[in-house]
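The values are calculated or read from the model by the stated rules, or taken from the named source; none is laboratory data. The shown structure was predicted, so the numbers you read here are calculated from the model rather than taken from an experiment. For neighbour counting, all protein chains shown are included, and Cβ atoms are generated from backbone atoms with ideal geometry for every residue, glycine included. Areas reflect the complete protein model, heavy atoms only, side chains present, ligands, DNA and RNA absent. Shrake-Rupley method; radii C 1.70, N 1.55, O 1.52, S 1.80 Å.
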Amino acid sequence: MEILPQFLLRLAFGLAVGMAITSPRKVSSGFFRNHLYVTLGLTTLAALVLSQVGGISAGLATVAAVLSFLGAAAWLYECQGMGRALIVAIAGFSLAAGWAATSPDLFHAVAFVTSGLVLGGVFTCMLLGHWYLNAPGMELAPLRRLIVMAAIAVALQMLVAGSGLGLEASHRTSVGIDWLLFIALRWLFGLFGVLGLLWMAWQTLKIPNTQSATGILYVAVIGVFIGELTGLLLSAESAFPL
């Protein structure tokens, strides 16, 4: 049960960060409004799951859900300043809820942030790429910026997960083939594969062809979802984040 709310809150945190760094001067308000409904769904489900185990984390997730609704309303009425402030608050409360749910040490706390940035960064890239299909006249700069942010997040996650993997391997007396297969899936598809797909999307935007780039980003989302879920499953049975 712990894995589901962690995944949901990491995704909500990263999506909020992705929207926070996207310029409302270059992207229409509908993008922010529509995808705050996504954070509303993510944080609401996380709050429902966490409410079964009690603790402050469910309350923090509920606050994030309420802020998501208020943020969507703010963008509906073109209140950009309030809307951006609420997006930042959603990121903060999602992060706080995720930390409170596990009471992590510093290593796991950092892993939550990097994992959330990977999930949310790639997911926001795909959502914005899809938005270009509705508004093809928008500048490509916001999408390029998000792709760079997502690539940096993947690189940071490689550093964190690689450090955890090295420490975990040094503490294990034996390693099973199933563990190695999950590690391979996590790294080859969930990290290196996603980084390669982001590079392909970046190159495709040079044509420019946002439709093809968005298709590539859809595959990247599948990769990052599988990779981060695999990392959560591995970390649940390990002393270090993988």
Loop-located trypsin sites (Lys or Arg not before Pro) in segment 125-179 whose Cβ has at most 10 other Cβ within 10 Å (DSSP):
none
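Rounded to the nearest 0.05, what FRET efficiency do Ser163 and Cys79 give with R0 = 35 Å and r taken as the Cβ-Cβ distance? Could you check?
On the way: r = 42 Å, r/R0 = 1.20.
Computed FRET efficiency for Ser163 and Cys79 comes out at 0.25.
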Across the alpha-carbon set of segment 127-196, Rg over Rh with Rh taken as the Kirkwood radius works out to 1.20
Counting only protein heavy atoms and rolling a 1.4 Å probe, one gets per residue an accessible area for the chain in Å² of 43
Jot down the radius of gyration and Dmax of segment 1-84, Cα atoms only, both in angstrom.
13.3, 42
Report the label-to-label distance for Ile226 and Gln203 in nanometres (one decimal), using points 7 Å from each Cα along the Cα→Cβ vector.
2.1
Most mobile listed residue (Ser94, Ser163, Ser68) in the chain, GNM with C-alpha springs under 10 Å:
Ser163
Cβ under 14 Å from Ser29's Cβ, Ser29 left aside: what net charge do those residues give with Lys, Arg +1 and Asp, Glu -1?
+3
About the Cα centre of segment 116-242, how large is the charge dipole given +1 on each Lys and Arg Cβ and -1 on each Asp and Glu Cβ? Please answer in debye to the nearest 20.
300
Using only the alpha-carbon atoms of the chain, report the extent along each of the three principal axes, biggest first, to the nearest angstrom.
57, 45, 22
Ignoring any ligand, DNA or RNA, what whole percent of the accessible area of the chain comes from carbon and sulfur when the probe is 1.4 angstrom?
70
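With a ≥ b ≥ c the root eigenvalues of the C-alpha gyration tensor of segment 36-162, is it rounded (a/c under 1.5), prolate (a/b larger than b/c) or oblate?
Details: a/c = 2.39, a/b = 1.20, b/c = 1.99.
In terms of gyration-tensor shape, oblate.
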Taking the alpha-carbon centroid of each part, what is the distance from segment 17-83 to segment 96-114 in angstrom?
20
Please compute the contact order of the chain in relative form: average sequence separation of alpha-carbon pairs under 8 Å and at least six residues apart, divided by the residue count, as a percent.
23
Centroid-to-centroid separation of segment 191-242 and segment 134-151 [C-alpha atoms, Å]:
16
Got a sec? Charge dipole of the chain, +1 on Cβ for Lys and Arg, -1 for Asp and Glu; which of Leu140, Ala111, Phe7 is way out at the positive end?
Leu140
Considering the options Gly164, Leu188, Gln80, tell which one lies farthest towards the positive end of the dipole of the chain, charges being +1 on Lys and Arg and -1 on Asp and Glu at the Cβ, about the Cα centre.
Gln80
For segment 118-242, the Cα gyration tensor yields equivalent-ellipsoid semi-axes (√(5λ), largest first, whole Å) of 33, 12, 11
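Normalised by the residues of segment 176-242, what does the relative contact order come to in percent, with Cα pairs under 8 Å and at least six apart?
Details: 58 pairs, mean separation 25.4, N = 67.
Relative contact order of segment 176-242: 38 percent.
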